[in-house]
Amino acid sequence: MGKLIDENGIRLDGRRWDEIRPITIEIGVIKNADGSAYIEFGKNKIIAAVYGPREAHPKHLALPDKAIVRCRYHMAPFSTEERKSPQPSRREIEISLVLRRAMESAIFLEEYPRSIIDVFVEVLQSDGGSRCASITAVSAALADSGISMRDLVVGCAVGKIDGQIVLDLSDYEDKEGEGDMPVAYMPNLDKIVLLQFDGIFSEEEFKKAIDLAILGNKKVYEILKKALIEKYFSMVDEK
Ligand code: ADP
């Protein structure tokens, strides 16, 4: 019997090894943005807003053949148990970068030459796995903005707790566990666009973790797809 998984295979929050936390996604929550979304992923509460594509300012940033993407991931000072400094931390700079790179794999940048796409992520409440939840929210916001994409991008982490590979670590499991591997995925193209890793896995555990991450990502995708369909069908009904 471990301290994070009991003898019946149940984790501290009641989940089994292959279960994700409850997810709700709302599309179109920020009036002034070109696209936006709000996600609750377990106790994570995150808003993503997209502005653009619009003319790049300052102009020297512009590229003649494709759009550039700027991304800011930010955690509100009240989003964590202990007040987080409002200054951008190294972690926020890193997450902004990996989110941008993941989204650049999906967006048809060459359709928007000389323009800029700004992506803002505000974490209102965090509980582990916020970069994965943020990717899903950004993808929803980009879809809401109508920007052309090869595929949606979703995110879900896997990790190791009490020696077992499990899906979607909570903050506590992340801190007490032995490894965390956030994965973002394009489900229709079957491509991984982000993979980070903190911990030690054997080769066999790594293979199991990848399969499990893809399974988790497919579950997230079903929820995202449903949220997008609901939003756009309700718009058709209103007409
Ligand atoms: P992710 O949120 O993608 O899992 P990390 O593994 O870096 O990213 O962080 C895990 C969790 O640790 C976060 O979701 C958040 O709940 C918590 N955390 C991160 N930074 C801070 C901070 N500066 N103060 C308090 N808690 C934090």
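The values are calculated or read from the model by the stated rules, or taken from the named source; none is laboratory data. Please read these numbers as outputs of a predicted model, since none were measured by experiment. When we count neighbours, we look across all protein chains shown, and the Cβ atoms used for this are built from the backbone with ideal geometry, even at glycine. Just so you know, the surface numbers come from the protein's heavy atoms only, side chains and all, with ligands and any DNA or RNA stripped out. Shrake-Rupley method; radii C 1.70, N 1.55, O 1.52, S 1.80 Å.
I'm trying to understand the selection: among the residues of segment 161-177, which are open to solvent by less than 40 Å² (accessible area, probe 1.4 Å) and either touching a Leu at 6+ places or on another chain (Cβ under 9 Å) or among the acidic types (Asp, Glu) (or both)?
In the first step, residues of segment 161-177 are kept if they are open to solvent by less than 40 Å² (accessible area, probe 1.4 Å); the result is 161, 165-170, 173, 177.
Selection gives Ile161, Ile165, Val166, Leu167, Asp168, Ser170, Glu173, Gly177.
Touching a residue at least 12 places away in the same chain (Cβ under 8 Å), open to solvent by 10 Å² or more (accessible area, probe 1.4 Å) and more than 16 Å from the ligand (Cβ to nearest atom): is that true of Leu124 in this structure?
Criteria not met by Leu124.
Which residue pairs have Cβ atoms under 9 Å apart, sit 6 or more places apart or on different chains, and have a first residue in segment 162-181 that is more than 15 Å from Asp211 (Cβ to Cβ) and a second that is part of a strand (DSSP E or B) and among the acidic types (Asp, Glu)?
Close Cβ pairs satisfying both conditions: Leu169/Asp180; Glu173/Asp180; Asp174/Asp180; Asp174/Asp198; Gly179/Asp198; Asp180/Asp198.
Are any residues in segment 5-28 buried (at least 19 other Cβ atoms within 10 Å of the Cβ) and over 17 Å from the mean Cα position of the chain (by Cα), and if so, which ones? If you could, list the steps in order and put the result at the bottom.
Here is the first cut: in segment 5-28, the residues buried (at least 19 other Cβ atoms within 10 Å of the Cβ) are 5, 11, 15, 20-21, 23, 25, 27.
Scanning segment 5-28 gives Ile5, Arg11, Arg15.
Tell me which residues, restricted to segment 66-103, are free of Cβ contacts under 8 Å to residues at least 60 places away in the same chain, in a helix (DSSP H, G or I) and open to solvent by 30 Å² or more (accessible area, probe 1.4 Å).
Result: Arg90, Arg91, Ile93, Glu94, Leu97, Arg100.
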